[in-house]
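S.K.: Encoded as structure tokens, here's the structure I'll be asking about.
Only the coordinates and a few stated rules stand behind these numbers; no lab work does. Keep in mind it's a predicted model, so treat the numbers as computed, not measured. Note: ideal-geometry Cβ built from the backbone for every residue, glycine included; neighbour counts use all protein chains shown.
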Amino acid sequence: MELDYPFEQPDGEGTLREIDDGLFWVRMPLPFPPRHINLWLLRDGDGWTVVDTGIGRPEVQAHWRRILDEVTGGRPVRRAIVTHFHPDHLGNAGWFARHHGSRLWMTQEEWLMGRLLAADTSEATTASNVDFFRHCDLDEDNIFEFKARGWQYKNMVESIPRQFVRMYDGDAVHIGGDVWRVIVGRGHAPEHACLHSAARRILISGDQILPRITPIVGVPPMEPEANPLQDFLDSLAKFEHLEADTLVLPAHGLPFRGLPGRLAATRVHHEERLETLRAACAQPLTVRRAVDAMFDRALDPQNLRLASAETLSHLNLLVARGQVVREDGDGPWHFRSR
Ligand SMILES: [Zn+2]
């Protein structure tokens, strides 16, 4: 089903556009694909609320200074709502807190995960992650690259406020004169917050629902048997009752209408990939070999690790469905269809 894109892609970086009364679309650069992120600035009484903050780098902060000068009339950004812990969303929460006194609003699992990754850079944790990637059958060159590079999380999140306001699924968040309902989605991140205004018929979807690509749904190294793809597919149902003409504001790509079709296509996409993998596992496969069945392009070391996490989320769901078994030995895991 074709989606409707009512707004064109802006030219350049750090762009600003009002797309609804007092609701501004900010597009910021990213140092990795998809090379941009959409952030939202909402008029909120005598101040402003920002939804997601961009990567914590000086060039993004320079864009923010210019944009805020242009649009806020000198009124402070009192609140930063962050959908999830990933650095392109949480990266400047500390900067907003310092420069505007913004309070950080997040769900608890997202805040904790961000704080954990920023704090825990110990060698023991690196060793545990290496163990995970070895079980995925990544080669030693990749492991070497990972050890040298690390997660890079701290390099993209300049600081995370030590206090936050907790958002719960179903909460009503008042922004300006509007009520925005928190809808928690899982699978891409542990407790990802989306915001829905029934009155405006707008959904700020973060990374949970994207127009062209599907969000990465990967098994995190600290929980090798996790089944995030089931969580993600279950979460799709939470958006199926929204009005069909809801304007969706995603974190990547363009604002769109056509939510029901997009949810259905996302489901089909994952079911097709599950079937591809199930068939490929007629011969026992390691995660690394299963990646080859899922991705038909060459992947650099970092993307190979992401692809491994994504492939494993599909394998773990097949295991949970009883269609594939995981064989554990001394070395890498092997997955075989039954
Ligand atoms: Zn994300």
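S.K.: Stretched out fully, how many nm does the piece from residue 199 to residue 225 gain, at 0.36 nm a residue minus the Cα gap?
M.R.: Result: 5.3 nm gained on full extension.
S.K.: Order by neighbour count: 128, 308, fewest other Cβ atoms within 10 Å first, most last.
M.R.: In increasing order of surrounding Cβ atoms, one gets 128, 308.
S.K.: Could you check the spin-label model distance between residue 212 and residue 169? Points 7 Å from the Cα along Cα→Cβ, value in nm.
M.R.: About 3.2 nm, to one decimal.
S.K.: While we're on this one: Given points 7 Å out from each Cα along the Cα-Cβ axis, report the residue 140 to residue 119 separation in nanometres with one decimal.
M.R.: Result for the modelled spin labels: 3.6 nm.
S.K.: Under 11 Å from a point placed 7 Å out from the Cα of residue 21 along the Cα-to-Cβ direction: which residues of segment 175-208 have their backbone N that close?
M.R.: Answer for this model: 177-178, 200.
S.K.: Now, a different point. Taking the Cα centre of each part, how many Å lie between segment 145-178 and segment 58-81?
M.R.: Segment 145-178 and segment 58-81 have Cα centres separated by 18 Å.
S.K.: Relative to the first principal axis of the alpha-carbon coordinates of the chain, what is the inclination of helix 123-135, with its axis defined by its Cα atoms, in degrees from 0 to 90 and to the nearest 10?
M.R.: 50
S.K.: Enumerate the residues in segment 1-27 having an amide nitrogen under 11 Å from the point lying 7 Å beyond the Cα of residue 268 toward its Cβ.
M.R.: 1-2
S.K.: Using only Cα positions of the chain, each an equal point scatterer, no hydration layer, compute I(q)/I(0) via Debye at q = 0.11 Å⁻¹ and quote the log10 values to two decimals.
M.R.: Log-scaled intensity ratios, in q order: -0.73.
S.K.: As a test, work out the antiparallel percent of DSSP beta bridges whose residues both lie in the chain, rounded to the nearest 5.
M.R.: 75
S.K.: Between helix 140-149 and the chain, what is the angle of the helix's C-alpha long axis to the longest principal axis, kept within 0 to 90° and rounded to the nearest 10?
M.R.: 30
S.K.: So if R0 is 45 Å, what FRET efficiency would residue 244 and residue 276 give, r being the distance between their Cβ atoms, rounded to the nearest 0.05?
M.R.: E between residue 244 and residue 276, to the nearest 0.05, is 0.90.
S.K.: Trypsin sites (Lys or Arg not before Pro) within segment 176-265: which are DSSP loop residues with at most 13 other Cβ atoms inside 10 Å?
M.R.: Within segment 176-265, the qualifying trypsin sites (Lys or Arg not before Pro) (loop, at most 13 other Cβ atoms within 10 Å) are 212.
S.K.: To continue, here is another question. Pull up all non-local amide H partners of residue 104: gap of 5 or more, or a different chain, and H-to-H distance under 5 Å with H placed in the peptide plane.
M.R.: Correct list: 80, 165.
S.K.: Any chance you could give the angle, 0 to 90 degrees and rounded to 10, that helix 259-280 forms with the longest Cα principal axis of the chain?
M.R.: 20
S.K.: Continuing with the same structure: FRET efficiency for residue 131 and residue 234, Cβ-Cβ distance as r, R0 = 30 Å, nearest 0.05?
M.R.: Approximately 0.55, to the nearest 0.05.
S.K.: How high is the FRET efficiency from residue 181 to residue 4, r the C-beta distance, R0 30 Å, rounded to 0.05?
M.R.: For R0 = 30 Å, the calculated efficiency reads 0.80.
S.K.: Right, something else. Amide H neighbours of residue 36 under 5 Å, at least 5 residues apart or on other chains, H built in the peptide plane: list them.
M.R.: Placed amide hydrogens put 30 under 5 Å from residue 36.
S.K.: Something else about it: Once phi is turned into θ = phi - 60°, what whole-Hz ³J(HN,Hα) does the Karplus curve with 6.51, -1.76 and 1.60 give for every residue of segment 78-88, x standing for Gly and Pro?
M.R.: 7, 9, 10, 8, 10, 5, 6, 6, 4, x, 6
S.K.: Along its principal axes, what span do the Cα atoms of segment 1-44 show, with the longest given first and each in whole Å?
M.R.: Result, largest extent first: 31, 29, 16 Å.
S.K.: What does the charge dipole of the chain about its Cα centre add up to, to the nearest 20 debye, if the Cβ of each Lys and Arg holds +1 and the Cβ of each Asp and Glu holds -1?
M.R.: So the dipole magnitude of the chain works out to roughly 500 debye.
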